[in-house]
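Report on one structure; see the data block that follows.
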Amino acid sequence: MQADVADQIRRSDSQIELVDDKGNRVGIVRRPPTKEAIEYAKSRIGSTEPKCSVDELIAKVEAL
């Protein structure tokens, strides 16, 4: 069983939710970011494009 879970984690490109036999979440495993994702994030830090706060982003999503 453990080898199967390890294989699923290796093949995943997103997060994996670990649950017990009763369906209770016992943990989340996330893959580290790719080099491309890190480079993109770094490029956004120095960008002069407008940025919104977390509160503004939440308000926009809630308005959808």
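Values quoted throughout were computed directly from the atomic coordinates according to the rules given, and no laboratory measurement underlies them. Nothing here was measured: the structure is a model prediction, and the numbers come from that model. Every residue, glycine among them, receives a Cβ derived from its backbone with ideal geometry; neighbour counts consider all protein chains shown.
The table that follows gives values for the structure above.
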read-out	value
Cα-centred dipole magnitude for the chain, charges only on beta-carbon of K, R (+1) and D, E (-1), debye, nearest 20	220 debye
Karplus-derived HN-Hα couplings along the stretch 53-64 (A = 6.51, B = -1.76, C = 1.60, θ = phi - 60°), whole Hz, x at Gly and Pro	6, 4, 4, 5, 5, 4, 4, 5, 5, 5, 6, 5
Relative contact order of the chain, defined on C-alpha pairs under 8 angstrom at six or more residues apart (%)	19 percent
Per-residue ³J(HN,Hα) for the stretch 25-33, Karplus 6.51 cos²θ - 1.76 cosθ + 1.60, θ = phi - 60°, Hz, x for Gly and Pro	5, 10, x, 10, 10, 10, 6, x, x
Helical mean residue ellipticity (222 nm; -39500 (n - 2.57) per DSSP H run of 4+; nearest 500) of the chain	-14500 deg cm²/dmol
Estimated inter-spin distance, residue 38 and residue 57, nm [label 7 Å along Cα→Cβ]	2.1 nm
